[in-house]
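The values are calculated or read from the model by the stated rules, or taken from the named source; none is laboratory data. Note that this is a predicted model, so its numbers are computed, not measured. Reconstructed Cβ throughout: ideal geometry from the backbone, glycine too, with neighbour counts over all protein chains shown.
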């Protein structure tokens, strides 16, 4: 019987300390607690890692504080385009969607892709058509509206500037949410979801829905969910690189993540972070930015929610 464990993140970079009021900090920490509870309650009932990560990500997608689902940022044309993926380390099954809109929970659509099709990644209109056939919940545009995100978009919409969630002239927060879990059977899984970049153009897709870049899980090594400047995480194939260091070099989880986050990504100016677990239930949460909204809980009684170092 394995130690079962869960880790979640709500984005790296974070609001700078001088911008974060005690009230807002409490809201973020409460939101992380709620997302932990959703996933951990499944693990406590001997549920699967894949179901636990999906449940935690749904909770984060439903919270307007995070740039995923309900709180997604605005694109160049004032819309919301969302990406998500998840992977089951016990089977290497994976599902992902890119450039979807009006989908309440993109992670559930990604899970349908994994469970009900022979494909891994569906995008755009094809993904939307599949969502209708699968009975996925849709929401109108106003469900996704956030005054904060709207003001952020208005500030840059007549330029070619893209922003990583929060207004980077004041603060940095790379808005992606994710979860990793190890269940009682020693199976692991990862899930990641995002609204992308404010003012993004041309159907831009980041690392989140790309297996091996923003999300990866393999029982032999680790389950990883990333958050950060997606283009750099894609170039680094960041999530899979952690797995490779473990499989081919024999590094343990923390060692492998340290090399990717604090060496390889730093060298290419890849700011952000990741959370990970292995099949023994070990958890690591690393970032090279000022902070990362994060939390973890395991069957040893350990629990943590935090924003800064």
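Give 5, 85, 48 a once-over and let me know the one that is at pLDDT 95 or above and out of contact with any strand residue (DSSP E or B) (no Cβ under 7 Å at 6 or more places or on another chain).
Result of the check over 5, 85, 48: 48.
Which one of 158, 142 is out of contact with any strand residue (DSSP E or B) (no Cβ under 8 Å at 6 or more places or on another chain), part of a loop (DSSP other than H, G, I, E, B) and modelled with pLDDT under 95?
Values: 142 fails: part of a loop (DSSP other than H, G, I, E, B).
Residue meeting the stated conditions: 158.
Any residue that is surrounded by fewer than 20 Cβ atoms within 10 Å (Cβ to Cβ), in contact with a helix residue (DSSP H, G or I) (Cβ under 9 Å, 6 or more places away or on another chain) and within 27 Å of residue 44 (Cα to Cα) - is there at least one of those in the range 216-232?
yes
Helices (runs of 4 or more DSSP H) wholly in the range 31-134 with at least 3 residues that are surrounded by fewer than 18 Cβ atoms within 10 Å (Cβ to Cβ) - which ones?
Numbers: elements: 49-61, 106-116, 124-134.
Filter on the range 31-134 gives 124-134.
Restricting attention to the range 290-300, does a residue exist that is assigned to a loop (DSSP other than H, G, I, E, B), modelled with pLDDT under 95 and either touching a strand residue (DSSP E or B) at 6+ places or on another chain (Cβ under 9 Å) or closer than 18 Å to residue 36 by Cβ (or both)? Please lay out each step first, then the result.
As a first pass, look at the range 290-300 and keep what is assigned to a loop (DSSP other than H, G, I, E, B): 290, 299-300.
In the following step, the residues that additionally are modelled with pLDDT under 95 were identified as 290.
Still in the list and also either touching a strand residue (DSSP E or B) at 6+ places or on another chain (Cβ under 9 Å) or closer than 18 Å to residue 36 by Cβ (or both): 290.
Looking through the range 290-300, at least one residue is assigned to a loop (DSSP other than H, G, I, E, B), modelled with pLDDT under 95 and either touching a strand residue (DSSP E or B) at 6+ places or on another chain (Cβ under 9 Å) or closer than 18 Å to residue 36 by Cβ (or both).
With (1) more than 21 Å from residue 147 (Cβ to Cβ); (2) surrounded by fewer than 18 Cβ atoms within 10 Å (Cβ to Cβ); (3) touching a residue at least 24 places away in the same chain (Cβ under 8 Å) as the list, and residue 19 as the residue in question, which single condition is left unmet?
Answer for residue 19: the failing condition is (1).
Being over 24 Å from residue 222 (Cα atoms) and touching a strand residue (DSSP E or B) at 6+ places or on another chain (Cβ under 9 Å) is true for just one of 31, 110, 93. Which residue is that? Let's see the steps before the verdict.
Details: 110 fails: over 24 Å from residue 222 (Cα atoms); 93 fails: over 24 Å from residue 222 (Cα atoms).
Of the residues listed, the single one that is over 24 Å from residue 222 (Cα atoms) and touching a strand residue (DSSP E or B) at 6+ places or on another chain (Cβ under 9 Å) is 31.
So which of 113, 120 ends up being closer than 28 Å to residue 186 by Cβ and touching a residue at least 60 places away in the same chain (Cβ under 8 Å)?
Working: 113 fails: touching a residue at least 60 places away in the same chain (Cβ under 8 Å).
Matching residue, one of 113, 120: 120.
Tell me the strands (runs of 3 or more DSSP E) entirely within the range 167-275 that contain at least 3 residues that are within 11 Å of the chain's Cα centre (by Cα) and modelled with pLDDT of 95 or more.
Details: elements: 176-182, 188-194, 215-217, 223-228.
Filter on the range 167-275 gives 176-182, 188-194, 223-228.
I need every pair where a residue in the range 140-155 that is more than 15 Å from residue 68 (Cα to Cα) has its Cβ under 8 Å from the Cβ of a residue that is surrounded by fewer than 13 Cβ atoms within 10 Å (Cβ to Cβ), sequence separation at least 6 or different chains.
153/78
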